[in-house]
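Data block below; observations after.
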Amino acid sequence: MAKILVVDDKREISKVLDRILTAREHDIDLCHDGVEATEMYDAHDYDLVVTDILMPEKDGLEFAK
């Protein structure tokens with residue numbers, strides 16, 4: 001089981017990814033922008049991050065840096 005951070009401003013996409021990954025017994029955290037994702041990433045130890053690129057406030061590329 002992996003701990004995964006999913007970052008996407010479109011909540012429908014986040015929910016679909018959450019359902020798919022949770023069904024495979026992964027531990028999922030969801031964020032909806034790069035600012036929130038940075039806070040979550042700093043607070044937890046993730047095995048994988050799945051991020052959208054185009055998001056408000058802080059996009060996926062800025063978050064990845």
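Some values worked out for this structure:
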{"read-out": "Selection status of residue 55, touching an Asp or Glu at 6+ places or on another chain (Cβ under 6 Å), hydrophobic (A, V, I, L, M, F, W, C), modelled with pLDDT under 95 and surrounded by 17 or more Cβ atoms within 10 Å (Cβ to Cβ)", "value": "yes"}
{"read-out": "Subset of the stretch 41-65 (residues that are among the hydrophobic types (A, V, I, L, M, F, W, C) and more than 12 Å from residue 3 (Cα to Cα))", "value": "43, 53, 54, 55, 61, 63, 64"}
{"read-out": "Qualifying residues in the stretch 1-44 (those that are of a type in the set (D, E, K, R), free of Cβ contacts under 8 Å to residues at least 40 places away in the same chain and surrounded by 15 or more Cβ atoms within 10 Å (Cβ to Cβ)) - the one farthest from residue 65 (Cα to Cα)", "value": "18"}
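The values are calculated or read from the model by the stated rules, or taken from the named source; none is laboratory data. Keep in mind that this is a model prediction, so the values were computed, not measured. A quick note on method: Cβ atoms are made from the backbone with ideal geometry, for glycine too, and the neighbour counts reach across all protein chains shown.
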